[in-house]
Amino acid sequence: MRKAALHNLGCKVNAYETEAMQELLEKSGYQIVPFDEEADVYIINTCSVTNTADRKSRQMLSRARKQSPESVIVAAGCYVQAQADAGKRDENIDIIIGNNKKKELIPILDAYFADKEKKKRSEVIDINHTREYEPLSLTRTAEHTRAYLKVQDGCNQFCTYCIIPYTRGRARSRELADVMQEVRALAANGYQEVVLTGIHLSSYGLDGPEQGKGSLLSLIRSVHEVEGIRRIRLGSLEPRIITAEFAHSLAEMPKVCPHFHLSLQSGCDATLRRMNRRYSSEEYKEKCSILRKYFTEPALTTDIIVGFPGETKEEFETSKRFVDKIHFYETHIFKYSRRQGTRAAVMEGQVSETEKARRSRLMIEMGKRKQTAYEEKWIGKKVDVLFEELVEENGEWTAEGHTREYLRIAVPCCKGEEHLWLNQIKEIEIGKKSQIIH
Ligand code: SF4
(Lines give C-alpha, C1' and ligand atoms only; values in the text may rest on other atoms or scores of the structure.)
Protein backbone atom coordinates (compact mmCIF):
# COMPACT_ATOMS: atom_id res chain seq x y z
CA MET A 1 0.00 0.00 0.00
CA ARG A 2 1.39 3.37 -1.01
CA LYS A 3 1.51 6.14 1.61
CA ALA A 4 0.46 9.71 0.91
CA ALA A 5 0.73 12.92 2.94
CA LEU A 6 -1.11 16.17 2.25
CA HIS A 7 -0.58 19.76 3.31
CA ASN A 8 -3.00 22.62 2.74
CA LEU A 9 -2.18 26.30 2.34
CA GLY A 10 -4.66 29.16 2.04
CA CYS A 11 -8.44 29.47 2.16
CA LYS A 12 -11.34 27.25 3.18
CA VAL A 13 -11.95 26.34 -0.46
CA ASN A 14 -8.39 25.01 -0.69
CA ALA A 15 -8.89 23.15 2.61
CA TYR A 16 -12.04 21.54 1.21
CA GLU A 17 -10.21 20.47 -1.96
CA THR A 18 -7.32 19.02 0.06
CA GLU A 19 -9.78 16.93 2.09
CA ALA A 20 -11.52 15.82 -1.12
CA MET A 21 -8.15 14.78 -2.61
CA GLN A 22 -7.41 12.85 0.60
CA GLU A 23 -10.71 10.99 0.22
CA LEU A 24 -9.85 10.16 -3.44
CA LEU A 25 -6.51 8.72 -2.28
CA GLU A 26 -8.09 6.67 0.51
CA LYS A 27 -10.75 5.29 -1.86
CA SER A 28 -8.00 4.11 -4.21
CA GLY A 29 -6.04 2.36 -1.49
CA TYR A 30 -3.50 4.92 -0.30
CA GLN A 31 -2.69 5.09 3.42
CA ILE A 32 -2.74 8.70 4.62
CA VAL A 33 0.14 9.62 6.95
CA PRO A 34 1.07 12.90 8.69
CA PHE A 35 3.19 15.25 6.58
CA ASP A 36 6.31 14.82 8.73
CA GLU A 37 6.30 11.05 8.23
CA GLU A 38 7.77 9.02 5.39
CA ALA A 39 5.42 8.81 2.37
CA ASP A 40 5.56 7.75 -1.28
CA VAL A 41 3.63 10.84 -2.36
CA TYR A 42 3.51 14.34 -0.87
CA ILE A 43 0.72 16.68 -2.03
CA ILE A 44 0.88 20.40 -1.29
CA ASN A 45 -2.26 22.35 -2.17
CA THR A 46 -0.66 25.73 -2.76
CA CYS A 47 -1.90 29.33 -2.35
CA SER A 48 -0.99 32.46 -4.25
CA VAL A 49 -3.08 35.19 -2.61
CA THR A 50 0.07 37.14 -1.65
CA ASN A 51 3.80 37.02 -2.38
CA THR A 52 4.20 35.51 1.08
CA ALA A 53 1.79 32.72 0.14
CA ASP A 54 3.90 31.98 -2.94
CA ARG A 55 7.02 31.81 -0.77
CA LYS A 56 5.34 29.52 1.76
CA SER A 57 4.20 27.23 -1.08
CA ARG A 58 7.78 26.94 -2.37
CA GLN A 59 9.07 26.35 1.17
CA MET A 60 6.65 23.44 1.75
CA LEU A 61 7.66 21.89 -1.59
CA SER A 62 11.37 22.11 -0.77
CA ARG A 63 10.71 20.77 2.74
CA ALA A 64 9.00 17.71 1.27
CA ARG A 65 11.88 17.17 -1.16
CA LYS A 66 14.50 17.49 1.60
CA GLN A 67 12.49 15.22 3.89
CA SER A 68 12.13 12.48 1.28
CA PRO A 69 14.23 12.98 -1.88
CA GLU A 70 12.94 9.85 -3.66
CA SER A 71 9.24 10.46 -3.07
CA VAL A 72 6.82 11.99 -5.59
CA ILE A 73 6.15 15.67 -4.85
CA VAL A 74 2.85 17.04 -6.18
CA ALA A 75 2.24 20.80 -6.29
CA ALA A 76 -1.46 21.58 -6.73
CA GLY A 77 -3.55 24.73 -6.78
CA CYS A 78 -3.20 28.47 -7.15
CA TYR A 79 0.58 28.99 -6.96
CA VAL A 80 1.33 26.54 -9.78
CA GLN A 81 -1.81 27.66 -11.65
CA ALA A 82 -0.45 31.24 -11.66
CA GLN A 83 3.21 30.32 -12.15
CA ALA A 84 3.22 27.02 -14.05
CA ASP A 85 6.52 27.85 -15.81
CA ALA A 86 8.26 28.48 -12.48
CA GLY A 87 6.78 25.19 -11.32
CA LYS A 88 8.21 23.39 -14.34
CA ARG A 89 11.70 24.75 -13.50
CA ASP A 90 11.36 23.85 -9.80
CA GLU A 91 13.25 20.60 -9.16
CA ASN A 92 11.31 20.09 -5.95
CA ILE A 93 8.20 19.32 -8.02
CA ASP A 94 7.49 16.09 -9.94
CA ILE A 95 3.84 16.71 -10.78
CA ILE A 96 1.99 20.01 -11.27
CA ILE A 97 -1.80 19.93 -10.91
CA GLY A 98 -3.56 23.23 -11.60
CA ASN A 99 -7.05 24.25 -10.53
CA ASN A 100 -9.94 22.26 -11.99
CA LYS A 101 -7.60 19.27 -12.42
CA LYS A 102 -7.52 17.99 -8.80
CA LYS A 103 -10.36 15.55 -9.47
CA GLU A 104 -7.91 13.69 -11.78
CA LEU A 105 -5.32 13.19 -9.03
CA ILE A 106 -5.47 9.37 -9.07
CA PRO A 107 -5.16 8.80 -12.88
CA ILE A 108 -2.37 11.42 -12.95
CA LEU A 109 -0.47 9.58 -10.17
CA ASP A 110 -1.10 6.20 -11.84
CA ALA A 111 0.30 7.51 -15.13
CA TYR A 112 3.36 8.90 -13.36
CA PHE A 113 4.06 5.64 -11.53
CA ALA A 114 3.54 3.69 -14.78
CA ASP A 115 6.08 5.86 -16.60
CA LYS A 116 9.50 4.15 -16.39
CA GLU A 117 11.33 7.46 -16.97
CA LYS A 118 9.27 9.28 -14.31
CA LYS A 119 9.04 12.32 -16.57
CA LYS A 120 7.78 15.50 -14.86
CA ARG A 121 4.05 16.05 -15.48
CA SER A 122 2.22 19.36 -15.72
CA GLU A 123 -1.58 19.30 -15.77
CA VAL A 124 -2.66 22.95 -16.05
CA ILE A 125 -5.62 24.28 -18.05
CA ASP A 126 -6.44 27.84 -19.20
CA ILE A 127 -8.58 28.45 -16.10
CA ASN A 128 -9.85 31.76 -17.43
CA HIS A 129 -11.75 30.10 -20.25
CA THR A 130 -13.43 27.21 -18.47
CA ARG A 131 -17.07 27.18 -17.39
CA GLU A 132 -16.75 23.76 -15.77
CA TYR A 133 -17.24 23.54 -12.02
CA GLU A 134 -14.79 20.89 -10.76
CA PRO A 135 -16.93 18.15 -9.17
CA LEU A 136 -15.09 17.20 -5.97
CA SER A 137 -16.92 15.85 -2.93
CA LEU A 138 -16.36 14.54 0.55
CA THR A 139 -18.27 12.61 3.21
CA ARG A 140 -16.30 13.72 6.27
CA THR A 141 -13.80 16.40 7.25
CA ALA A 142 -10.89 16.74 9.67
CA GLU A 143 -13.19 18.81 11.87
CA HIS A 144 -15.80 16.58 13.52
CA THR A 145 -18.58 19.03 14.13
CA ARG A 146 -18.49 21.64 11.39
CA ALA A 147 -18.12 20.81 7.70
CA TYR A 148 -16.94 23.42 5.21
CA LEU A 149 -18.78 22.84 1.95
CA LYS A 150 -17.42 24.21 -1.32
CA VAL A 151 -20.34 25.21 -3.54
CA GLN A 152 -18.80 27.84 -5.79
CA ASP A 153 -15.52 28.58 -7.57
CA GLY A 154 -13.96 31.51 -9.44
CA CYS A 155 -14.65 35.24 -9.33
CA ASN A 156 -15.62 37.96 -11.83
CA GLN A 157 -15.00 40.96 -9.56
CA PHE A 158 -11.37 41.81 -10.40
CA CYS A 159 -10.61 43.85 -7.30
CA THR A 160 -7.41 45.66 -8.25
CA TYR A 161 -5.29 44.11 -5.45
CA CYS A 162 -6.38 40.50 -6.04
CA ILE A 163 -4.80 37.73 -8.10
CA ILE A 164 -7.54 35.16 -7.41
CA PRO A 165 -9.66 35.75 -10.55
CA TYR A 166 -6.53 34.87 -12.57
CA THR A 167 -5.86 31.63 -10.64
CA ARG A 168 -9.44 30.49 -10.07
CA GLY A 169 -11.09 31.69 -13.29
CA ARG A 170 -14.65 32.89 -13.80
CA ALA A 171 -17.45 32.38 -11.30
CA ARG A 172 -18.89 28.86 -11.51
CA SER A 173 -21.52 27.18 -9.37
CA ARG A 174 -21.90 23.62 -8.20
CA GLU A 175 -25.05 21.79 -9.25
CA LEU A 176 -27.66 21.94 -6.50
CA ALA A 177 -28.23 18.16 -6.66
CA ASP A 178 -24.52 17.58 -6.00
CA VAL A 179 -24.53 19.87 -3.01
CA MET A 180 -27.62 18.21 -1.57
CA GLN A 181 -26.13 14.74 -1.96
CA GLU A 182 -23.06 15.86 -0.01
CA VAL A 183 -25.04 17.62 2.72
CA ARG A 184 -27.13 14.47 3.26
CA ALA A 185 -23.99 12.34 3.42
CA LEU A 186 -22.44 14.70 5.98
CA ALA A 187 -25.65 14.76 8.04
CA ALA A 188 -25.69 10.96 7.95
CA ASN A 189 -22.13 11.06 9.30
CA GLY A 190 -23.28 13.16 12.24
CA TYR A 191 -22.35 16.69 11.13
CA GLN A 192 -24.77 19.22 12.55
CA GLU A 193 -23.21 22.39 11.10
CA VAL A 194 -22.26 23.15 7.51
CA VAL A 195 -20.42 26.25 6.30
CA LEU A 196 -21.28 27.17 2.70
CA THR A 197 -18.13 28.49 1.10
CA GLY A 198 -16.71 29.51 -2.25
CA ILE A 199 -14.24 31.88 -3.84
CA HIS A 200 -17.09 34.39 -4.35
CA LEU A 201 -20.02 32.73 -2.65
CA SER A 202 -22.40 35.58 -3.47
CA SER A 203 -22.02 34.71 -7.17
CA TYR A 204 -23.60 31.30 -6.59
CA GLY A 205 -26.13 30.59 -9.34
CA LEU A 206 -25.29 33.71 -11.37
CA ASP A 207 -23.28 31.82 -14.00
CA GLY A 208 -26.24 31.18 -16.26
CA PRO A 209 -29.87 30.33 -15.61
CA GLU A 210 -29.52 26.65 -16.46
CA GLN A 211 -31.69 24.17 -14.66
CA GLY A 212 -30.44 23.03 -11.28
CA LYS A 213 -28.42 26.08 -10.18
CA GLY A 214 -30.85 28.66 -8.83
CA SER A 215 -29.51 31.27 -6.40
CA LEU A 216 -27.60 31.35 -3.12
CA LEU A 217 -30.92 31.84 -1.31
CA SER A 218 -32.52 28.79 -2.97
CA LEU A 219 -29.40 26.78 -2.14
CA ILE A 220 -29.65 27.79 1.52
CA ARG A 221 -33.35 26.91 1.53
CA SER A 222 -32.57 23.43 0.18
CA VAL A 223 -29.79 22.81 2.71
CA HIS A 224 -32.18 24.03 5.43
CA GLU A 225 -34.50 21.12 4.66
CA VAL A 226 -31.89 18.45 5.38
CA GLU A 227 -32.65 16.51 8.54
CA GLY A 228 -29.75 16.38 10.98
CA ILE A 229 -28.30 19.69 9.85
CA ARG A 230 -29.03 22.13 12.68
CA ARG A 231 -26.83 25.06 11.68
CA ILE A 232 -26.00 26.72 8.38
CA ARG A 233 -23.13 29.21 8.44
CA LEU A 234 -22.25 31.36 5.44
CA GLY A 235 -18.74 32.04 4.16
CA SER A 236 -17.61 35.52 3.17
CA LEU A 237 -20.35 37.50 1.41
CA GLU A 238 -20.28 40.36 -1.06
CA PRO A 239 -22.08 43.32 0.61
CA ARG A 240 -24.33 43.89 -2.40
CA ILE A 241 -26.10 40.56 -1.88
CA ILE A 242 -27.60 41.89 1.34
CA THR A 243 -31.09 43.19 0.49
CA ALA A 244 -34.14 43.43 2.77
CA GLU A 245 -35.69 40.49 0.91
CA PHE A 246 -32.50 38.37 1.26
CA ALA A 247 -32.10 39.16 4.97
CA HIS A 248 -35.80 38.65 5.67
CA SER A 249 -35.73 35.24 3.94
CA LEU A 250 -32.63 34.18 5.90
CA ALA A 251 -34.19 35.31 9.19
CA GLU A 252 -37.16 33.03 8.49
CA MET A 253 -34.79 30.03 8.44
CA PRO A 254 -33.93 29.21 12.09
CA LYS A 255 -30.88 27.10 11.15
CA VAL A 256 -29.13 30.07 9.53
CA CYS A 257 -26.51 31.43 11.94
CA PRO A 258 -26.65 35.22 12.52
CA HIS A 259 -22.95 35.56 11.71
CA PHE A 260 -22.15 37.49 8.54
CA HIS A 261 -18.68 38.13 7.14
CA LEU A 262 -19.05 41.13 4.82
CA SER A 263 -15.68 42.07 3.34
CA LEU A 264 -15.42 45.88 3.50
CA GLN A 265 -11.70 46.35 2.69
CA SER A 266 -11.86 50.14 3.27
CA GLY A 267 -14.22 52.65 4.83
CA CYS A 268 -13.08 55.38 2.44
CA ASP A 269 -14.96 55.80 -0.86
CA ALA A 270 -11.93 57.04 -2.80
CA THR A 271 -9.94 53.97 -1.73
CA LEU A 272 -12.89 51.67 -2.51
CA ARG A 273 -12.98 53.07 -6.05
CA ARG A 274 -9.25 52.45 -6.56
CA MET A 275 -9.81 48.90 -5.26
CA ASN A 276 -12.62 48.44 -7.78
CA ARG A 277 -14.96 47.47 -4.95
CA ARG A 278 -18.52 47.89 -6.23
CA TYR A 279 -20.16 49.67 -3.29
CA SER A 280 -19.76 52.92 -1.35
CA SER A 281 -19.27 53.17 2.41
CA GLU A 282 -22.83 54.52 2.70
CA GLU A 283 -24.22 51.48 0.85
CA TYR A 284 -22.16 49.18 3.05
CA LYS A 285 -23.53 50.85 6.20
CA GLU A 286 -27.03 50.37 4.83
CA LYS A 287 -26.39 46.62 4.40
CA CYS A 288 -25.32 46.34 8.03
CA SER A 289 -28.50 48.13 9.13
CA ILE A 290 -30.59 45.68 7.11
CA LEU A 291 -28.96 42.72 8.86
CA ARG A 292 -29.45 44.38 12.25
CA LYS A 293 -33.12 44.94 11.39
CA TYR A 294 -33.83 41.25 10.71
CA PHE A 295 -31.44 39.63 13.24
CA THR A 296 -30.92 40.31 16.96
CA GLU A 297 -27.31 41.34 17.59
CA PRO A 298 -25.93 39.57 14.50
CA ALA A 299 -22.15 39.03 14.53
CA LEU A 300 -20.78 41.21 11.74
CA THR A 301 -17.19 40.50 10.83
CA THR A 302 -15.02 41.90 8.07
CA ASP A 303 -11.66 42.28 6.31
CA ILE A 304 -9.85 45.62 6.08
CA ILE A 305 -6.81 46.45 3.99
CA VAL A 306 -4.61 49.27 5.32
CA GLY A 307 -1.97 51.06 3.27
CA PHE A 308 -3.60 50.49 -0.13
CA PRO A 309 -1.75 52.45 -2.86
CA GLY A 310 -2.73 56.10 -2.71
CA GLU A 311 -4.25 55.81 0.78
CA THR A 312 -3.33 59.15 2.34
CA LYS A 313 -3.34 59.73 6.10
CA GLU A 314 -6.68 61.51 5.68
CA GLU A 315 -8.15 58.58 3.70
CA PHE A 316 -6.95 56.19 6.40
CA GLU A 317 -8.58 58.31 9.11
CA THR A 318 -11.82 58.32 7.07
CA SER A 319 -11.67 54.54 6.80
CA LYS A 320 -10.96 54.14 10.52
CA ARG A 321 -13.80 56.47 11.54
CA PHE A 322 -16.18 54.50 9.31
CA VAL A 323 -15.10 51.13 10.74
CA ASP A 324 -15.53 52.57 14.23
CA LYS A 325 -19.18 53.46 13.46
CA ILE A 326 -20.11 49.96 12.24
CA HIS A 327 -19.28 48.18 15.52
CA PHE A 328 -17.98 44.94 14.03
CA TYR A 329 -17.60 41.84 16.19
CA GLU A 330 -14.32 40.98 14.45
CA THR A 331 -12.14 42.91 12.04
CA HIS A 332 -9.35 41.08 10.18
CA ILE A 333 -6.71 43.67 9.32
CA PHE A 334 -4.35 43.13 6.38
CA LYS A 335 -1.45 45.35 5.44
CA TYR A 336 -1.65 45.88 1.67
CA SER A 337 0.56 43.28 -0.03
CA ARG A 338 1.88 44.30 -3.45
CA ARG A 339 0.96 41.34 -5.68
CA GLN A 340 2.69 41.05 -9.04
CA GLY A 341 0.21 40.70 -11.86
CA THR A 342 -2.45 42.92 -10.23
CA ARG A 343 -3.40 46.46 -11.26
CA ALA A 344 -2.77 47.85 -7.78
CA ALA A 345 0.84 46.65 -7.89
CA VAL A 346 1.65 49.30 -10.48
CA MET A 347 -0.41 52.07 -8.92
CA GLU A 348 1.24 55.28 -7.70
CA GLY A 349 1.38 56.20 -4.02
CA GLN A 350 2.65 52.89 -2.63
CA VAL A 351 2.65 53.26 1.19
CA SER A 352 5.78 52.49 3.26
CA GLU A 353 5.86 49.31 5.38
CA THR A 354 6.40 51.43 8.51
CA GLU A 355 3.29 53.44 7.81
CA LYS A 356 1.29 50.29 6.97
CA ALA A 357 2.39 48.84 10.33
CA ARG A 358 1.26 51.99 12.17
CA ARG A 359 -2.16 51.95 10.47
CA SER A 360 -2.56 48.22 11.07
CA ARG A 361 -1.78 48.62 14.77
CA LEU A 362 -4.40 51.37 15.18
CA MET A 363 -7.09 49.34 13.37
CA ILE A 364 -6.28 46.20 15.37
CA GLU A 365 -6.47 48.08 18.70
CA MET A 366 -9.84 49.55 17.75
CA GLY A 367 -11.01 46.15 16.56
CA LYS A 368 -10.18 44.61 19.93
CA ARG A 369 -12.20 47.27 21.78
CA LYS A 370 -15.16 46.62 19.50
CA GLN A 371 -14.86 42.86 19.97
CA THR A 372 -14.95 43.24 23.76
CA ALA A 373 -17.94 45.58 23.51
CA TYR A 374 -19.85 43.04 21.38
CA GLU A 375 -19.00 40.14 23.70
CA GLU A 376 -20.10 42.10 26.79
CA LYS A 377 -23.61 42.29 25.28
CA TRP A 378 -23.86 38.50 25.68
CA ILE A 379 -22.96 38.26 29.36
CA GLY A 380 -25.92 36.78 31.25
CA LYS A 381 -27.61 35.66 28.00
CA LYS A 382 -28.64 32.03 27.34
CA VAL A 383 -27.16 30.72 24.09
CA ASP A 384 -26.82 27.44 22.19
CA VAL A 385 -23.26 26.16 21.94
CA LEU A 386 -22.12 23.38 19.57
CA PHE A 387 -19.30 21.74 21.55
CA GLU A 388 -16.26 20.76 19.47
CA GLU A 389 -13.49 19.69 21.83
CA LEU A 390 -12.40 19.04 25.41
CA VAL A 391 -9.31 21.02 26.42
CA GLU A 392 -7.00 20.41 29.39
CA GLU A 393 -4.96 23.25 30.86
CA ASN A 394 -3.05 23.01 34.14
CA GLY A 395 -5.14 19.99 35.08
CA GLU A 396 -8.40 21.88 34.47
CA TRP A 397 -10.72 20.53 31.77
CA THR A 398 -13.13 22.61 29.71
CA ALA A 399 -15.58 21.77 26.95
CA GLU A 400 -15.26 24.32 24.14
CA GLY A 401 -17.46 25.25 21.20
CA HIS A 402 -19.13 28.07 19.30
CA THR A 403 -22.44 29.87 19.55
CA ARG A 404 -24.49 30.67 16.45
CA GLU A 405 -22.79 34.11 16.46
CA TYR A 406 -19.41 32.32 16.48
CA LEU A 407 -18.52 33.33 20.04
CA ARG A 408 -16.10 30.74 21.40
CA ILE A 409 -17.30 29.44 24.77
CA ALA A 410 -15.54 27.34 27.43
CA VAL A 411 -17.45 25.44 30.13
CA PRO A 412 -15.75 23.55 32.98
CA CYS A 413 -16.03 19.76 32.62
CA CYS A 414 -14.28 16.59 33.70
CA LYS A 415 -11.68 14.47 31.95
CA GLY A 416 -13.17 11.67 29.81
CA GLU A 417 -16.53 13.38 29.31
CA GLU A 418 -16.23 13.46 25.52
CA HIS A 419 -19.48 11.47 25.20
CA LEU A 420 -21.35 14.15 27.18
CA TRP A 421 -20.10 17.15 25.21
CA LEU A 422 -18.64 16.49 21.74
CA ASN A 423 -20.86 17.37 18.83
CA GLN A 424 -23.66 18.25 21.26
CA ILE A 425 -25.63 21.47 21.13
CA LYS A 426 -26.33 22.65 24.69
CA GLU A 427 -27.98 25.81 26.04
CA ILE A 428 -25.73 27.61 28.48
CA GLU A 429 -25.82 30.98 30.21
CA ILE A 430 -22.76 33.06 29.36
CA GLY A 431 -20.93 34.23 32.48
CA LYS A 432 -22.41 31.58 34.77
CA LYS A 433 -19.39 29.21 35.06
CA SER A 434 -19.03 29.47 31.25
CA GLN A 435 -16.96 32.17 29.61
CA ILE A 436 -16.14 33.66 26.22
CA ILE A 437 -12.62 32.79 25.12
CA HIS A 438 -10.46 33.51 22.05
S1 SF4 B 1 -14.17 39.52 -4.71
FE2 SF4 B 1 -12.29 40.64 -5.07
S3 SF4 B 1 -11.00 40.06 -3.33
FE4 SF4 B 1 -12.61 38.53 -3.47
S5 SF4 B 1 -11.76 36.87 -4.73
FE6 SF4 B 1 -12.89 38.27 -6.07
S7 SF4 B 1 -11.37 39.69 -6.88
FE8 SF4 B 1 -10.49 38.70 -5.06
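Projected label points at ALA84 and VAL391, each 7 Å from Cα along the beta carbon direction, are separated by 4.4 nanometres. With r as the distance between the Cβ atoms of LEU206 and ALA111 and R0 = 35 Å, compute the FRET efficiency 1/(1 + (r/R0)^6) and round to 0.05. Given R0 = 35 Å and the Cβ-Cβ separation, E is 0.45.
How big is the gap, in Å, between the Cα center of region 172-241 and the Cα center of region 272-348? Region 172-241 and region 272-348 have Cα centres separated by 26 Å.
Kirkwood radius for region 365-438, taken over all pairs of different Cα atoms as the inverse mean of 1/r, rounds to 12.7 Å.
Per residue, the chain exposes 45 Å² of accessible surface when a 1.4 Å probe is rolled over the protein heavy atoms with every protein chain present. If you wrap region 72-124 in the convex hull of its Cα atoms and look at it from every side, the mean projected area works out to 3.2 nm². With R₀ set to 22 Å, the beta-carbon distance separating ARG140 from SER62 gives a calculated FRET efficiency near 0.10. Cross-linked pairs LYS370/LYS426; LYS102/LYS255; LYS12/LYS320; LYS150/LYS370; LYS255/LYS320; LYS150/LYS255: Cα-Cα separations exceed 24 Å for LYS370/LYS426; LYS102/LYS255; LYS12/LYS320; LYS150/LYS370; LYS255/LYS320.
Listed by chain and number, the lysines whose C-alpha is less than 21 Å from the C-alpha of LYS313, apart from same-chain residues fewer than 8 away, are LYS325, LYS335, LYS356. Computed 3J(HN,Hα) for region 52-58, one whole-Hz value per residue from the Karplus formula 6.51 cos²θ - 1.76 cosθ + 1.60 where θ = phi - 60°, is 4, 4, 4, 5, 5, 4, 5, glycine and proline marked x.
Surface calculation, 1.4 Å probe, protein heavy atoms: THR243 sits at approximately 50 Å² accessible.
Using only alpha carbon pairs under 8 Å that are at least six residues apart, calculate the relative contact order of region 1-104 and give it in whole percent.
About 26 percent, as a whole number.
Treating r as the C-beta distance of LYS313 and LYS382 and R0 as 51 Å, the FRET efficiency rounds to 0.65. Distance between the 7 Å Cα→Cβ label points at GLU225 and MET347: 4.4 nm.
Report the percentage of all Cα-Cα pairs in region 322-404 whose separation exceeds 18 Å, rounded to a whole percent. The answer is 66 percent, as a whole percent. In percent, rounded to a whole number, the relative contact order of the chain is 10, using alpha-carbon pairs under 8 Å and six or more apart.
Spherically averaged projected area of the convex hull of Cα atoms, region 279-368: 6.3 nm². Computed over the chain, the convex hull of the alpha-carbon atoms projects to a mean area of 22.3 nm².
The values are calculated or read from the model by the stated rules, or taken from the named source; none is laboratory data. All values derive from a computational prediction rather than experimental measurement. Positions of Cβ are generated from backbone atoms using ideal geometry, with glycine treated the same way; all protein chains shown enter the neighbour counts. To get the accessible areas, we keep the full protein, side chains included, count just its heavy atoms, and leave off ligands, DNA and RNA. Shrake-Rupley method; radii C 1.70, N 1.55, O 1.52, S 1.80 Å.
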